[in-house]
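What follows draws every value from the coordinates through simple rules; no lab data is involved. Predicted, not measured: the structure shown is a model, and the values here were computed from it. Please note: Cβ atoms are built from the backbone with ideal geometry, for glycine as well, and neighbour counts cover all protein chains shown.
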Amino acid sequence: MKIIGLAGWSGSGKTTLLCKLIPALTARGYRVSTLKHAHHAFDVDTPGKDSYEHRAAGATEVMVTSAKRWALMHEHRGDPEPTMAELLPHMSAVDLLIVEGFKREQHEKIEVFRRSVGKPLLAGEDPKVVAVASDGPVPETDRPLLDLNDVEAIADFVVAHCGLGATATRGVA
C-alpha cells in the first residue's frame with residue numbers, strides 16, 4: 001500500500017483538496033482510503049445510542065456494523081495517543097492511503113500552503129515534504145510547486161510519485 005500525506009496549517013485547504021483528490025484518483029481506477037488526524041476531541045457516536053452507552057459503560061472498543069458499513073471505535077482510556085505507525089495496521093490494504101494531518105510524522109507528504117494563512121512553510125524544516133501545493137508562488141522552496149486549484153495535475157503528481165501505475169486495480173469491482 002502506498003502512502004502520501006497532505007500536511008499544512010489549519011485553514012490551508014487540506015480537506016478541500018482531499019475531497020477533490022479522492023474522486024480524481026478513484027476515477028482513474030485506484031482504491032483510496034484516508035487517515036485523518038483531529039487536533040481536538042471528537043465523537044462519531046451519539047449519546048443515547050447503544051454503541052455510545054457501551055463506551056460510556058467502559059468498553060475499550062465497540063464495533064457497529066450493518067449491511068452497508070462497519071465502524072470500530074476505540075477509547076484510549078488514559079493511554080497515549082497512538083502514532084501513525086501504530087494506526088496503519090488497522091487500515092485495509094488499498095492502492096493509496098492519503099494521510100491528512102500528522103504533519104510531524106515521517107511519511108512523504110505534499111504541503112498545502114496558502115500565504116494568506118500567515119504560517120511558515122513546513123517544507124523548509126521537513127525533508128519529507130515532496131511537493132508544495134499552493135494558490136500562489138512559493139519562491140522560498142526548491143520542492144516541486146503544484147497549483148492548488150489544478151486537482152488533475154496534483155493527481156498526476158501523486159500517481160507518478162507513488163508509482164501507482166503498476167498497482168492500479170483498474171477494472172476490478
Principal-axis tilt of helix 14-26 within the chain, Cα atoms, nearest 10 degrees: 90 degrees
Pairwise label distance in nanometres, ARG77 with LYS128, each label 7 Å out on the Cα-Cβ vector: 2.9 nm
Cut-off 18 Å (backbone N to label point 7 Å along Cα→Cβ of GLU105), residues of region 57-96: 72-76, 80-96
Computed FRET value (nearest 0.05) for ASP135 with GLU86, which takes r as the C-beta separation and R₀ as 25 Å: 0.15
C-alpha long axis of helix 151-162 to longest principal axis of the chain, angle in °: 80 degrees
Highest to lowest packing among 101-114, 138-151, 62-75, scored as the average C-beta count within 10 Å: 101-114, 138-151, 62-75
³J(HN,Hα), Karplus 6.51/-1.76/1.60, whole Hz, each residue of region 78-87, x for Gly, Pro: x, 6, x, 4, x, 7, 4, 4, 6, 7
